[in-house]
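Enquirer: I'd like to ask you about the structure that follows.
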Amino acid sequence: MSGSGAWPARSSKAARVAAYIGLAVLGVAVGTAGSLVQAAWFPLGLLLALLGAAALFHGGLRATGTQLGVLAPAAGWVAAVLLLSAGRPEGDSVFAGGIGEIVFLFGGSVLAVMCATMTRLPQPGGPSGRLGK
């Protein structure tokens, strides 16, 4: 393992790019599913949608060990949620405009920022966090 993340020391650039693209596609899927579930089973659907987003963002951080591992799925999530909230010219929209939708939009964004600003993950075999040891 390299010293900066969970990637093997000799992983190719193409593998990293593929992983980030895969995380972005997962972000679109989780954002779409969350948009549909959060209103259908309120309030448990909202909790499930936010837990799914948090798991994806934290999983991206754990899998890559970088902030870009959070940014890629977050970008896909935001793109899906914004496209679904825009509606159509006829007035149809996935979001009805209630408090659940607002909590979903802001809650998912806050979760992405929280995961992106987490401290670096502890490395196996690294020094302990205790002073003097």
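The values are calculated or read from the model by the stated rules, or taken from the named source; none is laboratory data. As the structure is a prediction and not an experimental result, all values here were calculated from the model. Using ideal geometry, Cβ is built from the backbone for each residue, glycine included, and neighbour counts are taken over all protein chains shown.
Enquirer: If we keep just the residues of the range 82-111 that are in contact with a helix residue (DSSP H, G or I) (Cβ under 8 Å, 6 or more places away or on another chain) and over 18 Å from LEU47 (Cα atoms), which is modelled with the lowest pLDDT?
Expert: It comes out as SER93.
Enquirer: Could you grab me the full set of residues in the range 36-58 that are among the hydrophobic types (A, V, I, L, M, F, W, C) and within 17 Å of PHE95 (Cα to Cα)?
Expert: Across the range 36-58, the qualifying residues are LEU36, VAL37, ALA39, ALA40, TRP41, PHE42, LEU44, LEU46, LEU47, LEU48, ALA49, LEU50.
Enquirer: Which of the following residues is over 14 Å from GLY107 (Cβ atoms) and out of contact with any Lys or Arg (no Cβ under 6 Å at 6 or more places or on another chain): ALA55, ALA86, ALA49?
Expert: After applying the criteria, what remains is ALA86.
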